[in-house]
Amino acid sequence: MSAKTVYFIEGDGIGPEVWGAARPVLDAAIEKAYGEKKIEWKELLAGEKAFKETGSYLPQETLDALAAAELAIKGPLQTPVGKGFRSLNVTLRQTFDLYACIRPIRYFEGIESPVKRPDLVDVVVFRENTEDVYAGIEWSSESAESKRVIDFLVGEMGAKIDPTAGIGIKPITPAGSKRLVRRALDYALDQNRESVTLVHKGNIMKYTEGGFRQWGYDVAEEEYAGKVVKEGEEADGKVIINDRIADAMFQELLMRPEKYSVVATTNLNGDYISDALAAQVGGLGLAPGVNMGDKLAIYEATHGTAPTIAGKDMANPGSVILSGAMMLENNGWGDAAALIKKSVEKALAAKKVTVDLASQIAGAETVGCKEFGEIILTNL
Ligand code: NAI
């Protein structure tokens, strides 16, 4: 990336505040690291702001721009209340087939954590974003649809199901699994990560979760020969691919987090694991994230719109700032990203932080969203 166009969506609730604090940090870090280089920011409207200006929560102009874009960063978007509104986040993910949700989770010194050695956590979770029980194929108990499905399963497939059961369908495909695992392996190779762990519940759900495991190994064998080895084989600097059953993995991540580096997993497992790991290192306030397809990546804070503190200059801009750093790192501007991460560490060490973090750092002084952003900027 030399001079890149990045689209931004401010977002709802605390979105404008955290974005307002984050953008100057990103610009200053790039300037400090490279002098001439810079990001050309272009705003796109979505959410409340879009509705006020255009009458639509997700205007066609925004969709058209994203269809041609490679990089975007967004604040949180509120799901409009009322019938017939789908979550804007889900709409964006589905429209642009952003199939990989990537969340790096690491510890920041000084933050209170529920475990003894949070510093041992340095894991990047690749969560499949389009399949699994999230496909939205489900019918409520006693509905005409669920009765029809149950009749079919009992009558024609010989299944045993209580007639009052609610029904949900869990589709997982070879193609969907492989493209996610490919992404995780590429990342591990690119970032010199030690291993990629396939996390699944294949002992119980053989043809969905078990399929994911098998297709993950298949893609490693078919496309990464000579670069990736299976656990137990001589690693010799190559990336190790292994797998763990989800319940065992939760124990492992608590007891031996240092053994794990990159996790590739199905949608529901990934949802649980990324939040559990974030809690393990002291909460969601600083967790960055990205939803990626083959062409477009939308970086975003992992938290929501925090309506109760919106407009009060209380929100923590750390998650958006670190999402921006991740964007820089993934696009060849790693020096700027490193500066930002160091600045955040320094700000935490100085114990002048937003209220959410202050409650987790002994002896900390509370500052507002804007001031916290300025402290990080000054630390650069
Ligand atoms: P939330 O993340 O907005 O809030 C959960 C708790 O964390 C609240 O106590 C809030 O004050 C606090 N919090 C969140 N971000 C914070 C920050 N940066 N600094 C300080 N405190 C922070 O989750 P909630 O309440 O479930 O959702 C509110 C709205 O956000 C909903 O409309 C939901 O749909 C939307 N949402 C959007 C997401 C996105 O755009 N990716 C993700 C999650 C929720």
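Here are the numbers for the structure shown:
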| quantity | calculated |
| --- | --- |
| Proximal charge balance of Thr366 [Cβ under 14 Å; K/R count +1, D/E count -1] | 0 |
| Amide hydrogen neighbours beyond the local backbone of Asp243, cut-off 5 Å, H modeled | Leu198 |
| Principal semi-axes in Å for segment 49-94 [√(5λ), Cα gyration tensor, largest first] | 18, 13, 10 |
| Under Karplus coefficients 6.51, -1.76 and 1.60, residue-wise ³J(HN,Hα) of segment 345-357 in Hz, glycine/proline x | 4, 4, 4, 5, 5, 6, 6, 10, 9, 5, 4, 4, 6 |
| Least to most buried among Glu234, Glu109 (fewest other Cβ within 10 Å first) | Glu234, Glu109 |
| Projected label distance in nm at Lys230 and Lys147, using a 7 Å step from Cα toward the beta-carbon | 4.9 nm |
| Helix 369-379 axis, angle to the chain major axis (alpha carbon atoms, nearest 10°) | 70 degrees |
| Helix axis angle, 209-223 relative to the chain longest principal axis, alpha carbon, degrees | 70 degrees |
| Segment 1-54 shape via C-alpha gyration tensor axes, a/c threshold 1.5 | oblate |
| Evaluated over segment 22-146, the Cα radius of gyration and Dmax, each in Å | 19.7, 65 |
| Span per principal axis, largest first, for the Cα atoms of segment 149-306 (Å) | 54, 45, 37 |
| Radius ratio Rg over Rh of segment 230-380, counting only Cα atoms, Kirkwood formula for Rh | 1.01 |
| Proxy reagent accessibility, fewest Cβ within 10 Å first, across Glu371, Glu10 | Glu371, Glu10 |
| Normalised convex hull volume, the chain, alpha-carbon set, Å³ per residue | 164 Å³ |
| Local net charge near Ser146, Cβ-Cβ under 11 Å (Lys/Arg +1, Asp/Glu -1) | -3 |
| Mean projected area in nm² (Cα convex hull; one quarter of hull surface) for segment 206-258 | 4.4 nm² |
| Contact order normalised by residue count of the chain, Cα under 8 Å, 6+ apart, percent | 24 percent |
| Mean separation of Cα contacts under 8 Å, 6 or more apart, over the residue count of segment 1-111: relative contact order % | 32 percent |
| Likely footprinting exposure, Val124, Val133, fewest C-beta neighbours within 10 Å first | Val133, Val124 |
| Segments 152-163, 358-369, 170-181 sorted - mean Cβ within 10 Å per residue, highest first | 170-181, 358-369, 152-163 |
| Amide H partners (placed H, <5 Å) of Met314, local residues excluded | Cys369 |
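Taken together, the values in this text are just the output of simple stated rules run on the coordinates, not laboratory data. It should be emphasised that the depicted structure is a prediction, and the values quoted were computed from it without experimental measurement. Here the Cβ is made from the backbone with ideal geometry for all residues, glycine too, and neighbour counts use every protein chain on show.
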